[in-house]
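For reference, the structure discussed in these notes is given below.
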Amino acid sequence: MADEALARAGLHFDELNKIRVLEPDVAQQTKELKEECKEFVDKIGDFQKIVGTFIEMVDSVAKEVEKEKMKAIGARNMLKSIAKQREAEQQQLQALITEKRMQMERLRIQHDALLKEEASQNEFIEQLVLQK
């Protein structure tokens, strides 16, 4: 009866016979909830550490990828530059070949003219020799 009167007043006895404001079941559930919350907070802390490590790893990989990307872009630009240089060199060589062909044609014509002149002079010499 005293327990009922105290219960109506909102006071209860726990397992150690101490007076409590909460019912023993509610107090137990509160204690369990507090422990679960602590475990949850600990797990969240662990999760945040794992996520932080993961983010650092992803950032590191991203930096490496960016570095390799820049190397690839540099290599591609270098290849384009080399290709342009080769093309320019090829054009210069083509111009040189054309110039040398023109020079060869000019020398061939000059050689033909000299051969005709030589033949003409040889014929003249033969005529002189035959006349004497």
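Within the group ARG20, ARG106, which residue is modelled with pLDDT under 95 and either under 55 Å from the mean Cα position of the chain (by Cα) or of a type in the set (D, E, K, R) (or both)? Quick ask: steps written out before the conclusion?
Values: ARG106 fails: modelled with pLDDT under 95.
Only one candidate qualifies: ARG20.
Looking at (1) assigned to a helix (DSSP H, G or I); (2) modelled with pLDDT under 95, find the lone condition where LYS38 falls short.
(2)
Would you check if ALA119 is part of a helix (DSSP H, G or I) and within 59 Å of the chain's Cα centre (by Cα)? Write out each step before concluding.
Values: part of a helix (DSSP H, G or I): yes; within 59 Å of the chain's Cα centre (by Cα): no.
Spelling it out, it is not the case that ALA119 is part of a helix (DSSP H, G or I) and within 59 Å of the chain's Cα centre (by Cα).
The values are calculated or read from the model by the stated rules, or taken from the named source; none is laboratory data. Just so it is clear, the structure is predicted and the values come from calculations on it, not from any experiment.
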